[in-house]
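Trainee: Below you will find the structure I want to go over with you.
Any read-out appearing in this document is the output of simple, stated calculations on the displayed coordinates, not a laboratory observation. All figures in this text were calculated on a predicted structure; none of them were measured in a lab. Here the Cβ positions follow ideal geometry from the backbone for every residue, glycine too, while neighbour counts run over all protein chains shown.
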Amino acid sequence: MLTSVRLTLICACVLATVAPFGVTTPLLAHPSDSRASVIARSHVWMPTDVPRMDPRRSLDPWSSGVPSAFDVEPVLWVQSWASPALTRVMNGISLVGYTPAYITFAVLLAFGHRLRAGAGLLLLMALTGALSDAAKMVVSFPRPDAVDTRVRSLELLQLDSNKDSESPAGGAGAVDTFGFPSGHVAATTGFLIGLALLFRWRWAWRAMLICVPLMGLSRMYLGRHFAGDVLGGIAVGTIGAAIAVLWWKLPDLENGRGWRVARRALYTGAGLAATTLIAGIPPPYESGRLIGFAIGAMLVARAAEPDDDASPGVRARRIALASMIYGITWWATGEGLEAIGTSDAPVGALIAGALPAAVLLPGPLYLERWCARQKASI
């Protein structure tokens, strides 16, 4: 009963974030619509130009039917400063903001500094990614370049973290069509809060004052987000951190109750997986990844002693082993799902997200322990 109440409160927090923007403005389109279907044929995007599942509540142009935070003028003003050199800089900043990049940083911190704190950071990144994509699918707001032809898409490389770049089973590729909230800003906010709370690095609070606005500015400059999307990303990142700290008790992952923290995260992942299978929100790969990281954190907390004083050589070896184990598991999972014909099914995407994530942290530790036992038995 208590778990149900907590899940209800979580859903209420997310809906409270997106509701002010969703109740006064018609949804863009069903998540199955392609990106091409939302590109305006005229100067201003019109809801009537887009295939839709439900009748729209307004036929007004986008600019007259949304809050001022979603107006294209701030985006156009930022892009008025465009230059080749600045575009390269902004693309570099944007590349750091993808969730896979922050997951990579978390793995390096786990094996290179503190194992369980890194496991907590992985959980926080997975939760933030799931909440961000869920909000995108619920609100379904377009990106600026789909609203106004004056907005230029300056992004040199676009990575869809829900598709084949990360998961052999794919995911909700249409999430990339939607803009609110900014996943880059949400991930940056959650990551820096995690550094401050889990690693106790006070400088991370100060870094937020620079890194979060800079990430938001880069996304607006590249034509990928409105100012309102940036604000929504900050809200989602903060809500994800609040759930992790206030309900999961994420800082307790490093003490004797760490497995309980991982169990709460596993319950959350299971709840999101249920909503995925029932309503298709959030994307199944995101739900599976949270489940996988929760299982991995539980294995680390229950059975593996944190060897945070290991030599640099041992740390480097663990990072290499983690990369190898993750890659092999990722490939084997994709091949197995393809063989049984479930690679395109939601259940297949759940499994594809969960299995590689589950072995990422505990895999090298258990492999080392097994090798030590084999060596001692000779």
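Trainee: Place a +1 charge on the Cβ of each Lys and Arg in region 250-339 and a -1 charge on the Cβ of each Asp and Glu, then give the dipole magnitude about the Cα centre in debye, rounded to the nearest 20. Before the final figure, lay out each step's value.
Mentor: Values: 9 positive and 9 negative charges, 41 e Å.
Magnitude of the dipole: close to 200 debye.
Trainee: Hey, fewest Cβ within 10 Å first, where do Y221, Y366 land in order? Please list the in-between numbers first.
Mentor: Details: Y221 24, Y366 16.
Going from sparsest to densest Cβ surroundings: Y366, Y221.
Trainee: For D148, D308, D344, D229, what ranking results if the residue with the fewest other Cβ atoms within 10 Å of its Cβ goes first? Kindly include the intermediate steps, with their values, before the conclusion.
Mentor: Values: D148 22, D308 16, D344 11, D229 30.
So the residues, fewest neighbours to most, are D344, D308, D148, D229.
Trainee: Continuing with this model, one more query. Can you give me the distance in nm between label points at C371 and S83, each placed 7 Å from the Cα along the Cα-to-Cβ direction?
Mentor: So the label points at C371 and S83 sit 5.1 nm apart.
Trainee: Turning to a different aspect of this structure: Note the full-extension length gain between R200 and E73 as 0.36 nm times their separation in residues minus their Cα-Cα distance, in nm to one decimal.
Mentor: Once the chain is fully extended between R200 and E73, it gains 41.8 nm.
Trainee: Each residue of region 233-250 in order: what ³J(HN,Hα) in whole Hz does its phi give by Karplus 6.51 cos²θ - 1.76 cosθ + 1.60, θ = phi - 60°, with x for Gly and Pro?
Mentor: These are the phi-based 3J(HN,Hα) values: x, 4, 5, 5, x, 5, 5, x, 5, 5, 4, 5, 7, 7, 9, 5, 6, 4 Hz.
Trainee: How do K375, K249, K136 line up, fewest other C-beta atoms within 10 Å first?
Mentor: Numbers: K375 8, K249 15, K136 30.
Going from sparsest to densest Cβ surroundings: K375, K249, K136.
Trainee: Residue by residue through region 200-212, which ³J(HN,Hα) values in whole Hz follow from phi under the Karplus form 6.51 cos²θ - 1.76 cosθ + 1.60 (θ = phi - 60°), with glycine and proline marked x?
Mentor: 6, 9, 5, 5, 5, 5, 5, 5, 4, 5, 9, 5, 5
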